[in-house]
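Trainee: The following block contains the structure, expressed as structure tokens.
The values are calculated or read from the model by the stated rules, or taken from the named source; none is laboratory data. Since we're looking at a predicted model, the values are computed, not measured. Cβ placement follows ideal geometry from the backbone for every residue including glycine, while neighbour counts extend to all protein chains displayed. Keep in mind that these areas ignore ligands, DNA and RNA; they rest on the heavy atoms of the full protein, side chains included. Shrake-Rupley method; radii C 1.70, N 1.55, O 1.52, S 1.80 Å.
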Amino acid sequence: MANYTLTINGSQHQVEASEDMPLLWVIRDLLDMKGTKFGCGQGLCGACTVLLGDTALRSCSLRVSEVGEQGITTIEGLSQNGDHPLQKAWTAHIVPQCGYCQAGQIMNAAGLLKRNPSPSEDEIENAMAGNLCRCGTYNRIKEAILTAST
Ligand code: FES
């Protein structure tokens, strides 16, 4: 076990965890932030996506000891009032069905727009291809990202 100081959504959190504990476990189980979802636990589905700095990554596949100094953003911290352009576009396009994967979808889309504010449809499809949705909301996700892009 070791002590870690993590900056999540702009606030510092002290946690005691084993060095190989996935960041996802820290976020959900130690800090009780349930917006980030557990899907496969093996880096295959994207449900657990968060931002580390400006980069979207799968928190089930990053050990807490690897996080370092960079800030983490979860879906709870993407905006103050759910008014991030992606969240507004998600609402406007009525994207979610069951909703389980959608936090990860939005966070992966947020990472895409940080590195490419005006992605083409092909770029969106490539960037989002690894985020699985059992309800098949892919077309609405793409439309929402196009709406939120500049
Ligand atoms: Fe992390 Fe599936 S839970 S990729």
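Trainee: For the range 1-50, which residues satisfy the criterion of being of a type in the set (Asp, Glu) and in contact with a helix residue (DSSP H, G or I) (Cβ under 6 Å, 6 or more places away or on another chain)?
Mentor: Narrowing the range 1-50 to residues of a type in the set (Asp, Glu): 16, 19-20, 29, 32.
Across the range 1-50, the qualifying residue is only Glu19.
Trainee: Does Asn116 satisfy being open to solvent by less than 80 Å² (accessible area, probe 1.4 Å) and free of Cβ contacts under 8 Å to residues at least 24 places away in the same chain?
Mentor: On the way: open to solvent by less than 80 Å² (accessible area, probe 1.4 Å): yes; free of Cβ contacts under 8 Å to residues at least 24 places away in the same chain: yes.
Answer is yes for this residue.
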